[in-house]
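See below for the structure under consideration.
The values are calculated or read from the model by the stated rules, or taken from the named source; none is laboratory data. As the structure is a computational prediction, the values presented were derived from the model and not from experiment. So basically every Cβ, Gly included, is an ideal-geometry build from the backbone, and we count neighbours across all protein chains shown. Accessible surface is based on the protein model in full, side chains and every heavy atom, while ligands, DNA and RNA are left aside. Shrake-Rupley method; radii C 1.70, N 1.55, O 1.52, S 1.80 Å.
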Amino acid sequence: MASTMGWIAIVRLGLVQTALGAVVVLMTSTLNRIMVVELALPAMIPGALVTLHYAVQVLRPRWGYGSDVGGRRTPWIVGGMAALCLGGFGAAAATALMETHLSAGIALAILSFLTVGMGAGAAGTSLLVLLAGGVEARRRGAAATIVWVMMIAGFAITAPIAGHFLDPFSGARLVAVSGTVSLLAFLLAVLAVSGIEPERAPSGHAEGAPKRPFREVLARVWSEPASRRFTVFIFVAMLAYSAQELILEPFAGLVFAMTPGVTTKLSGLQHGGVLAGMLTVAGLTMGIGGPYLGSLKLWTATGCAGSALALAAIAGGGLVGPDFPLRVAVFALGLFNGMFAVAAIGSMMGLAGAGGEAERGTRMGVWGAAQGVAFGAGGFLGTMAVDLARLVSPEPVHAYAAVFLAEAALFLVGALLALRIEHASATLLRRAVRPRRPVLQPRYR
């Protein structure tokens, strides 16, 4: 597809992310709280279900390959959203069922969370592929910011509205609210993506030519050092990014004696920093920053390095005591997190097309799988690391400091890997445009 996608089309694709976020927030937040508080179930049950939703993301390369073979991304977006919304409704029904039939409710919840993970992976992968193929290079940072912010908007809008209609709580009310959200989200996604993708033949295959099998395409993508290096970068950086999310507020409460209300505001301050970082990169990469400050590689590495410094400052701040400006450090962490996240997604969009249209979905799927697995593992490993550190050191401040420093080290590794992203992109592009001889390499025609 030619790089002619305008801002209206980008916002329309962002609406799909809004719909996706609206369903996912009920799964990871509302249902989690209901299982633990209203149903008095062990916290490991919703935790395991959310982990399951992330674990199934390893199938993203296969879904991306499916859209490559068919040459159309829209059916995979619509089909993925259908599975996501059906799974979200099923998870709410399962939670209500747990009140009376715990085993049956858990079995239905497992199936539903698997369906949600598959739907989110299929829709999200093809959405990014469609965006990557239609947005010109200078707009990629801004496009990544738009779709990310609109997904967060789905969280922010749905959570309070759904919470309002859930009171007073009952299983029937939960099912009704979830069903309404799922239906509206699906309709919004279908309307947003309708007609946005031009008609074209299946990608990368001449008429009548045999299609390369999935394993062959995946092996080709993984065999390229640049693609493999970028996958490792995504996993390492996203692992560090997600590992601090579940431990920052408990750290502020235990070490700085902050109340739940204050730590919630602290989390909001961090998210404000994330938004500021994203908007900064979006503006500078649109041409304001010139060839140097407009480099996605620069902001990916800067975001990782800055996040490492902010985490090191937070770790040291716990040792300093109450006089340490924790809010400043937390805002800085969010700022650099936002810079890294949007620049990395922009780089991902550029690299996805380096091997040609026929591999775009598979490449995006590989990196999406690395991101999904890292997100799932990060939250669990971060909390487990704190618990293990507290067995060694009875003082919470030392345990949290050790974990924050470990996360900072991961971000520094990510920064070093990020410095090679642009060179890797150029290498892949040269391979993609290099003339091929059909007699010698007929399978790549």
Given (1) open to solvent by 40 Å² or more (accessible area, probe 1.4 Å); (2) at pLDDT 80 or above; (3) over 23 Å from the mean Cα position of the chain (by Cα), where does G171 come up short, assuming only one miss? (1)
Filtering region 367-426 down to residues that are open to solvent by 40 Å² or more (accessible area, probe 1.4 Å) and polar (S, T, N, Q) yields Q371, T383
Take the conditions within 21 Å of A418 (Cα to Cα), in a helix (DSSP H, G or I) and at pLDDT 90 or above and apply them to L351. Does it pass? no
Test L187 against the criterion of being modelled with pLDDT of 90 or more, hydrophobic (A, V, I, L, M, F, W, C) and over 21 Å from the mean Cα position of the chain (by Cα), and give yes or no. yes
Considering region 61-85 alone, what residues qualify as being closer than 22 Å to A109 by Cβ and either touching a helix residue (DSSP H, G or I) at 6+ places or on another chain (Cβ under 6 Å) or crowded, with 24+ Cβ neighbours inside 10 Å (or both)? G80, M81, A83, L84, C85
Can you spot a residue in region 306-326 that is of a type in the set (S, T, Y), closer than 14 Å to Y241 by Cβ and in contact with a helix residue (DSSP H, G or I) (Cβ under 9 Å, 6 or more places away or on another chain)? yes
Unique match (being within 17 Å of A172 (Cα to Cα), in contact with a Gly (Cβ under 9 Å, 6 or more places away or on another chain), assigned to a helix (DSSP H, G or I) and among the hydroxyl-bearing types (S, T, Y)) among T95, T115, T51: T95
For region 255-265, give me each residue that is modelled with pLDDT under 85 and either in a helix (DSSP H, G or I) or open to solvent by less than 30 Å² (accessible area, probe 1.4 Å) (or both). P260, G261, V262, T263, T264, K265
Being modelled with pLDDT under 80, of a type outside the set (D, E, K, R) and either farther than 30 Å from M5 by Cβ or out of contact with any Cys (no Cβ under 6 Å at 6 or more places or on another chain) (or both), is that true of even one residue in region 359-378? no
Of the residues that sit in region 94-122 and are within 16 Å of V25 (Cα to Cα), open to solvent by less than 30 Å² (accessible area, probe 1.4 Å) and aliphatic (A, V, I, L, M), which one is nearest to the chain's Cα centre (by Cα)? A120
Is there any pair with a first residue in region 332-354 that is hydroxyl-bearing (S, T, Y) and a second that is not in a helix (DSSP H, G or I) whose Cβ atoms are under 8 Å apart and which are 6 or more apart or on different chains, and what are they? none
With of a type in the set (K, R), modelled with pLDDT under 80, more than 22 Å from the chain's Cα centre (by Cα) and open to solvent by less than 90 Å² (accessible area, probe 1.4 Å) as the only criterion, which of R445, R431 stands out? R431
Filter result (β-branched (V, I, T) and over 27 Å from A399 (Cβ atoms)) within region 299-354: T300, T302, V342, I345
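Okay, residues lined up against (1) more than 21 Å from W7 (Cβ to Cβ); (2) modelled with pLDDT of 85 or more; (3) in a helix (DSSP H, G or I):
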| residue | (1), (2), (3) |
| --- | --- |
| V129 | no, yes, yes |
| I146 | no, yes, yes |
| I152 | no, no, yes |
| F155 | yes, no, yes |
| H164 | yes, no, yes |
| A176 | yes, yes, yes |
